[in-house]
Amino acid sequence: NGEKQPVHWRDAARDIAARLERIVEEHGPDSVASYVGTFGYNNVNAHAFMLALMDSIGSTSVYDSVTIDQPGKGIARA
């Protein structure tokens, strides 16, 4: 019904893991992507965890502010 319900973090983690497994099974590893913005690098632990997660999934869909926002600058110079 759209109401928020409290959930234990372990249950949430299991649910998220199961959903990610289904997505990868159905659509392949690159269907799961990650993005770290400019200030995301300030949280070294979270960034390292995200990279490890993407590596374990086998996804190459890892993006950051340079891959998303900045490619046009090099293309314009060319």
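A short reminder: the numbers here are calculations on the coordinates, not readings from a lab. From a predicted model like this one, the values you see are computed outputs, not experimental measurements. Here Cβ is always computed from backbone atoms with ideal geometry, including for glycine, and neighbour counts include all displayed protein chains.
Our helix-only sum for the chain, with -39,500 (n - 2.57) per DSSP H run of n ≥ 4 divided by its residues, gives a mean residue ellipticity at 222 nm of -17500 deg cm²/dmol. For D64, the residues 5 or more places off, or on other chains, whose built amide H falls under 5 Å of its own are V36.
Under the 0.36 nm per residue contour assumption, what length would be gained going from the current alpha-carbon distance of Q70 and I23 to full extension? Kindly include the intermediate steps, with their values, before the conclusion.
Details: separation 47, 0.36 × 47 = 16.92 nm, distance 2.91 nm.
My answer for the length gained is 14.0 nm.
Restriction of the trypsin sites (Lys or Arg not before Pro) in segment 1-57 to DSSP coil positions whose beta-carbon has at most 12 other beta-carbons within 10 angstrom yields K4.
Please state the shape class of segment 9-77: rounded when a/c is under 1.5, otherwise prolate if a/b exceeds b/c and oblate if not, all from the C-alpha gyration tensor. Please report the intermediate quantities before stating the final value.
Details: a/c = 3.14, a/b = 1.63, b/c = 1.92.
It comes out oblate by the Cα gyration axes.
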